[in-house]
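**Student:** Dumping the structure here so I can ask a few things about it.
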Amino acid sequence: TSQDNSRIAEVSLKMTSGHSMTDFHKLQVEYKLAPLEVELRRLASNLEDTQEQLTYLKMREAELRSLTELSNDRVKHLNIFAISILITAALGQIMYLRRFFKAKKLI
């Protein structure tokens, strides 16, 4: 008989970056801060993170808006070109049919 030697392992990973990496408990002990001062520093740190994210999102939105406007211009020009080709083809057919019917003396 074969034995089932498979093992299941669960791994969890927590990563922090930016101001969230700051150890506020260590700062409290090192600078002898009151709990309220530590909380204010944590809130100020979170506010800076939020402002950085907002700045990044505004920059990204501006880049994507310019890309969208460029795409819209290209689509508009393509549509104008397609309509002009369709109108030219329609006029060509009308002229051809007129000549055809005149040659057959139907007009």
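The values are calculated or read from the model by the stated rules, or taken from the named source; none is laboratory data. Note that this is a predicted model, so its numbers are computed, not measured. Ligands, DNA and RNA are excluded from the accessible area calculation, which covers all protein heavy atoms including side chains. Shrake-Rupley method; radii C 1.70, N 1.55, O 1.52, S 1.80 Å.
**Student:** Just checking, how many residues over region 13-63 are at pLDDT 80 or above and part of a loop (DSSP other than H, G, I, E, B)?
**Tutor:** Applying the first criterion (at pLDDT 80 or above) to region 13-63 yields 34-37, 39-63.
Next, from what is left, pick out any that are part of a loop (DSSP other than H, G, I, E, B): 34.
The qualifying residues number 1.
**Student:** Could you go through region 94-102 and let me know if any residue there is at pLDDT below 95, among the aliphatic types (A, V, I, L, M), part of a helix (DSSP H, G or I) and open to solvent by 100 Å² or more (accessible area, probe 1.4 Å).
**Tutor:** No, region 94-102 contains no residue that is at pLDDT below 95, among the aliphatic types (A, V, I, L, M), part of a helix (DSSP H, G or I) and open to solvent by 100 Å² or more (accessible area, probe 1.4 Å).
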